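Bear in mind that the values in this text are calculations on the coordinates, not laboratory data. Model, not experiment: these values are computed from the prediction. Backbone-built Cβ (ideal geometry, glycine too); neighbour counts: all protein chains shown.
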Amino acid sequence: MKPSQEKLTVTYKGKILELPVYHGTQGPDVVDIARLYKETGLFTYDPGYRSTASCQSRITFIDGAEGILEYCGYPIEQLAKRGNFIETCYLLLHGELPTSGEYEEFNDDIMKHSMLHEQMIKFYSGFRRDAHPMAILVGVFGALSAFYHDTMNIEDPVFRDRATVRMLAKMPTIAAMAYRYSLGWTFMQPKAGMSYAGNFLRMCFANPMVEYEEDEVLSRAMDRIFILHADHEQNASTSTVRLASSSGASPYACVAAGVVSLWGPAHGGANEAALNMLKEIGTVDRIPHFIKRAKDKSDSFRLMGFGHRVYKNYDPRAKVMQQTAHEVLKHKGIDDPLLEVAMELEQVALSDDYFVQRKLYPNVDFYSGITLRAIGFPSSMFTVMFAIARTVGWVAQWREGITDPNQSIGRPRQIYLGPTLRNYVPRHERG
């Protein structure tokens with residue numbers, strides 16, 4: 001961080017404290033409050049940490065007001081349209097796009113570690129057949145820490161690299177097996193020579209009795225979905241991973257904690273909620289009725305897939321996702337009435353002063369549910385797709401955090417509102 005000439009002066013009970021201000025390479029300036037409590041006895045109060053920088057990072061930059069998302073300086077639109085997920089993973093992990101040689105080596109390493117240990121496969125039989133795939137994902141991924149003890153030495157960069165490759169390689173396999181388990185289908189192990197996304201689709205949908213032919217359009221759509229969701233700065237699940245890792249925990253356990261946080265409907269479950277809303281609306285002629293309901297504060301109905309905690313402009317990922325939805329539906333010959341509803345709803349919301357003034361623009365969740373449904377996934381798998389994509393972001397943030405000399409174990413403070421000091425009264429005297 002670069003120090004600024006400016007300082008923030010705090011006066012409290014006659015004490016004057018000058019707090020340093022720092023510049024990042026992009027984004028708002030940051031006030032360093034590390035000395036605040038020691039010198040004034042004050043904590044800061046920031047529910048949800050919306051105005052607090054919890055760490056330094058070189059990975060992802062977001063400008064919500066302008067609708068900008070960059071991975072290591074590269075606009076998300078360029079990576080999604082011109083790159084692929086594997087090179088995006090390398091970028092997030094190393095800060096630079098790979099050379100041809102680096103790409104081939106990295107891709108081969110991931111392929112070599114994508115199979116699951118036979119004893120891990122036995123874990124699936126311990127779950128009920130109707131268990132949610134995210135519940136299975138949490139359990140099985142966390143169990144990786146019981147199989148790979150060598151990666152517990154997180155101080156060793158060789159071990160960190162080995163854990164990184166294993167996590168990226170095995171997450172799609174674990175997820176695909178969770179899907180097939182819910183259907184009672186035979187598990188499919190990964191196959192060499194296929195793309196990361198194509199291999200995942202094969203493990204999900206292939207019939208073991210028939211030779212599987214990769215569908216390039218669907219693989220490319222899945223690859224874009226992975227890129228668009230790969231990282232998103234210090235969101236709830238990423239912050240969870242960073243907080244867990246600050247204690248020195250196993251990387252597999254840290255990422256499993258991220259999966260748990262992602263599972264929440266306010267985070268990774270938003271695309272499923274958006275699809276359910278479109279189903280509820282049903283047809284274009286019913287949109288005015290639901291727009292009216294959305295404006296009514298006394299009505300519980302809300303437009304899902306619009307607005308974002310960070311973006312106060314059009315989510316740049318949504319534009320790419322809209323195009324991808326059209327490509328998949330056209331390729332599969334699907335005339336999905338929900339897409340028609342989505343497009344009309346988008347136009348109505350973007351031209352209605354109520355939504356424009358509140359900056360409720362479509363976000364990536366608005367179109368991703370339609371796309372995943374067209375590919376063939378049930379809504380219960382939508383958040384699983386998110387977890388596969390976000391694994392690389394979690395891992396990149398984990399690596400950055402544990403090598404940051406300024407990181408210490410997370411310990412937020414609080415405003416205490418409970419009872420003041422009181423004395424214990426024996427039970428027989430309490431009446």
_Proxy reagent accessibility, fewest Cβ within 10 Å first, across GLU214, GLU6_ = GLU6, GLU214
*Given the pairs LYS122/LYS330; LYS2/LYS312; LYS170/LYS279; LYS81/LYS359, which span a C-alpha to C-alpha distance of over 32 angstrom in this model?*
LYS122/LYS330; LYS170/LYS279
*Out of residues 5 or more away from LEU8 or on other chains, whose amide H comes under 5 Å of its own, with H placed 1.01 Å from N in the peptide plane?*
LEU19, VAL21
_Cα centre as origin, Lys/Arg/Asp/Glu Cβ charges: the chain dipole, Debye_ = 1800 debye
_Table column - 3J(HN,Hα) (Hz), the range 181-189, Karplus curve with 6.51, -1.76, 1.60, x for Gly and Pro_ = 4, 5, 9, x, 8, 4, 5, 10, 7
*Gap separating the Cα centres of the range 360-431 and the range 208-235, nearest whole Å*: 24 Å
*For the residue pair HIS149 and ASP46, what label-to-label distance in nm results when each label sits 7 Å from Cα along the Cα-to-beta-carbon direction?*
4.1 nm
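Using the Cα centre as the reference, give the magnitude of the dipole from point charges on the C-beta atoms of the range 2-53 (Lys, Arg: +1; Asp, Glu: -1; all else neutral), rounded to the nearest 20 debye.
140 debye
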*Going 7 Å from the Cα of LYS2 in the Cα-to-Cβ direction, what parts of the range 23-40 have a backbone nitrogen less than 19 Å from that spot?*
23-32
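Rounded, prolate or oblate for the range 2-53? Axes are the square roots of the Cα gyration tensor eigenvalues, ordered a ≥ b ≥ c, and the cut-off for rounded is a/c under 1.5.
The shape class here is oblate.
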*asked:* As an exercise, use a Förster radius of 35 Å and the Cβ-Cβ distance of LYS112 and SER351 to find the FRET efficiency, rounded to the nearest 0.05.
replied: 0.10
*Answer with a single label: of (1) 20.1; (2) 22.0; (3) 28.5, which was calculated as mean projected area of the Cα convex hull in nm² from the structure in view?*
(3)
_Going Cα to Cα from LYS13, which lysines come in below 25 Å? Please leave out same-chain ones fewer than 8 positions away._
LYS38
*Cβ-based charge dipole, the range 30-94, positive-most Cα from LEU69, GLY41, ALA53*: GLY41
*First check a/c for the range 101-164, with a ≥ b ≥ c the square roots of the eigenvalues of its C-alpha gyration tensor; if it is under 1.5, answer rounded, and if not, answer prolate when a/b is larger than b/c or oblate otherwise.*
prolate
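What's the ranking of 158-171, 127-140, 400-413 by average number of surrounding C-beta atoms within 10 Å, highest first?
158-171, 127-140, 400-413
To the nearest 0.05, how large is the calculated FRET efficiency for ASP32 and LYS312 if R₀ is 35 Å and r is the Cβ-Cβ distance?
0.85
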